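The values are calculated or read from the model by the stated rules, or taken from the named source; none is laboratory data. Remember, predicted model here, so these are calculated numbers, not experimental data. Using ideal geometry, Cβ is built from the backbone for each residue, glycine included, and neighbour counts are taken over all protein chains shown. What goes into the accessible areas is simple: the full protein's heavy atoms, side chains included, and nothing from ligands, DNA or RNA. Shrake-Rupley method; radii C 1.70, N 1.55, O 1.52, S 1.80 Å.
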Amino acid sequence: PTMAHSQALLVLENFIGGKFVPCSSYIDSYNPSTGDVYCRVPDSGKEEVEAAVKAAKDAFPTWSSKSPSERSQILNKLADLIEHDLEAFAQAESKDQGKTITFARTVDIPRAVHNFRFFASSILHHVTECTEMPAMGCVHYTSRAPVGVAGLISPWNLPLYLLTWKIAPAIACGNTVVAKPSEMTSVTAWMMCKLLEKAGVPPGVVNVVFGAGAKAGEALVCHPDVPLISFTGSTLTAQRITERSAPHCKRLSLELGGKNPAIVFDDADLSQCIPTTVRSSFANQGEICLCTSRIFVQRGIYNEFLKRFVAEAKKWKTGNPSDPTVNVGALISKEHLEKVRNYVKKAQAEGARVLCGEGVDPLTLPPGNQKGYFMLPTVIAEVKDESCCMQEEIFGPVTCVVAFDTEEEVIKRANGVKYGLAATVWSSNVGRVHRVAHRLQSGLVWTNCWLVRDLNLPFGGMKASGIGREGAKDSYEFFTEVKTITIKH
């Protein structure tokens with residue numbers, strides 16, 4: 001870019017030891033809705049991570065010795081400051097990620113605020129265990145202490161939402177943090193850094209190092225002074241993290257992909273099921289690990305379901321994310337759009353029917369968005385179970401609809417993928433709902449609803465969808481080290 005051009009770009013800096021620090025080299029970050037470079041992100045590596053880990057280590061003794069209620073007040077203050085700037089954060093998230101302004105305003109930023117409030121509260125309510133052995137004259141109790149420096153690596157689909165879901169419990173428990181957001185969506189993390197001092201977060205408690213996984217992420221995962229890594233992202237990257245952290249015996253929490261089924265029985269209430277399943281398929285452009293990408297519909301209602309589902313999907317408007325009437329924004333990158341489109345091409349080559357969306361309906365975009373990474377909500381029918389479209393995570397606005405006959409058969413087919421994150425079951429038969437929910441290999445099962453979350457309860461996946469759980473108790477257990485103490489009296 002020319003000098004004049006580069007001056008208009010937003011240039012981010014790493015946040016280390018309470019200060020913004022410039023970097024020697026940068027990565028271009030694109031606005032997905034226009035295809036233009038709009039931001040430069042530090043291309044950090046070993047040196048920057050080293051400085052951040054040192055700052056976090058130095059801040060640990062003081063921060064970890066604060067009482068839970070002192071930390072709680074600081075977290076609440078930070079939540080208030082983000083909430084005060086909610087609109088600015090939402091605008092930034094929409095521009096940086098491509099999601100609609102509506103989604104950023106109603107989901108991403110409010111949830112980021114809530115993450116801090118939730119852990120500010122939950123940290124005050126944990127109890128430890130105690131047992132007695134009167135015959136031995138002994139009493140045992142447990143105590144929990146923060147682990148140290150937490151390495152937190154967050155993805156590009158829900159940037160601030162998922163970053164705060166890690167930072168909040170980590171610092172609430174008394175750890176200090178080195179976080180690496182996705183290099184594609186770093187702006188809201190950088191904006192949050194500007195509020196830390198005002199919230200009362202001491203320097204070095206939260207450090208943010210921007211950059212790519214291969215350089216910055218790798219340095220963080222391999223650092224001997226980072227005993228714990230929490231990662232949300234792809235199964236492939238998680239394998240790399242597991243290998244690199246094994247020599248250091250690090251504790252890992254891995255929240256990975258999904259290939260989530262929705263099972264629609266013939267007694268489902270379609271007036272509820274159809275709008276919710278359209279939402280669970282296409283919300284945030286389908287770029288949520290909990291999105292539905294395989295819809296199994298009982299044969300008796302299959303044709304009616306398809307007709308109504310496609311009609312509803314066609315009502316979703318794709319276009320400029322800053323337009324409040326738009327339902328589907330831009331996908332994250334040119335490469336990702338290409339990858340998602342290729343899945344649709346493969347399905348067609350295998351003889352599946354594309355009922356609406358990609359390659360079937362015309363996509364009309366406003367003049368300023370012609371070069372953006374847009375795709376219409378796409379529904380594919382008659383896909384074979386062994387097709388890559390039914391086996392691999394597409395992570396875009398694409399969903400496959402297939403028919404099934406019996407309960408037994410559909411459970412087997414729903415479980416027939418390597419993932420096991422979330423599932424939805426639609427039926428008005430209470431017994432069936434419980435039976436099916438018990439047999440699905442899935443960390444989360446929603447019945448007759450989708451994405452209703454109680455943050456107290458465990459969140460996470462089975463099989464290739466990850467290791468560990470997050471939630472009030474689970475996050476507390478992950479971010480603390482437990483010790484059993486025995487006293488003879």
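Tell me, what is the FRET efficiency for Ala246 and Ser69 to the nearest 0.05, using R0 = 35 angstrom and their Cβ-Cβ distance as r? After rounding, the FRET efficiency stands at 0.40. The slack between Cys449 and Gln272, meaning 0.36 nm per residue of separation minus the straight C-alpha distance, is 62.9 nm. Gain on full extension, evaluated as 0.36 nm per residue between Glu392 and Glu350 minus their Cα-Cα distance, stands at 13.6 nm. Loop-located GluC sites (Glu not before Pro) in the range 91-146 (DSSP state other than H, G, I, E, B) with a sparse environment of at most 15 neighbouring Cβ atoms within 10 Å: Glu129. Here the Karplus relation 6.51 cos²θ - 1.76 cosθ + 1.60, evaluated at θ = phi - 60°, turns the backbone of the range 341-353 into coupling constants of 4, 4, 4, 5, 4, 4, 4, 4, 4, 7, x, 6, 9 Hz, with x for every Gly and Pro. For the range 191-292, the fraction of alpha-carbon pairs lying more than 18 Å apart is 65 percent, rounded to a whole number. When the scattering of the range 101-160 is computed by the Debye formula from its Cα atoms alone, each counted once and equally, what is log10 I(q)/I(0) at q = 0.20 Å⁻¹? So the normalised log intensities are -0.95. Across the range 264-269, rounded Karplus estimates of 3J(HN,Hα) from the backbone phi angles (6.51 cos²θ - 1.76 cosθ + 1.60, θ = phi - 60°) give 10, 7, 5, 9, 6, 7 Hz, Gly and Pro being marked x.
For the chain, what is the calculated [θ] at 222 nm in deg cm²/dmol (nearest 500), taking -39500 (n - 2.57) for each run of four or more DSSP H residues and dividing by its residue count?
Details: 16 runs with 186 residues, N = 489.
Counting only the DSSP helices, I get -11500 deg cm²/dmol.
Legend: residues Leu457, Leu152, Leu236, sorted from most to least accessible area (1.4 Å probe; ligands, DNA and RNA excluded), read Leu236, Leu457, Leu152. Over the range 261-447, the pair-distance histogram of Cα-Cα distances with 5 Å bins from zero comes to 1, 8, 18, 21, 21, 15, 9, 5, 2, 1, 0 percent, rounded to whole numbers.
Near Cys291: Cβ cut-off under 12 Å, other residues only, Lys/Arg at +1 and Asp/Glu at -1. The net charge is +1.
Computed from the C-beta positions of Glu338 and Ser143 and an R0 of 51 Å, the FRET efficiency is 0.45 to the nearest 0.05. Trp156 sits with roughly 50 Å² accessible to a 1.4 Å probe, with DNA, RNA and ligands left out of the calculation.
Across the chain, the relative contact order, built from alpha-carbon pairs under 8 Å that are at least six residues apart, equals 19 percent. For the pair the range 268-287 and the range 124-159, the centres of their Cα atoms are 38 angstrom apart.
Entry comment: accessible area of the range 339-412 is 45 Å² per residue, from protein heavy atoms only and a probe of 1.4 Å.
So with the 1.4 Å probe, I'd like the accessible area per residue for the range 171-242, rounded to whole Å².
The answer is 28 Å² per residue.
If I compute solvent accessible area with a 1.4 Å probe over the protein chains, what percent of it on the range 1-104 is carbon and sulfur? Looking at the range 1-104 in its full context, I get 55 percent from C and S. Applying 1/(1 + (r/R0)^6) with r as the Cβ-Cβ distance of Asp323 and Asn456 and R0 = 56 angstrom yields a FRET efficiency of 0.95. Less than 5 angstrom separates the built amide H of Asp267 from those of Ser428, all sequence-distant by 5 or more or on a different chain. Per atom type, the range 261-447 shows carbon and sulfur on 50% of its accessible surface, probed at 1.4 Å. Over all other residues within a Cβ to Cβ distance under 12 Å of Arg279, the charged ones net out to 0, with Lys and Arg as +1 and Asp and Glu as -1.
In sequence order, the range 89-97 has phi-based couplings of 5, 5, 4, 5, 5, 5, 5, 6, 9 Hz under the Karplus curve 6.51 cos²θ - 1.76 cosθ + 1.60, θ = phi - 60°, and Gly or Pro positions carry x. For the range 71-126, the ratio of Cα radius of gyration to the globular rule of thumb 2.2 N^0.38 Å stands at 1.23.
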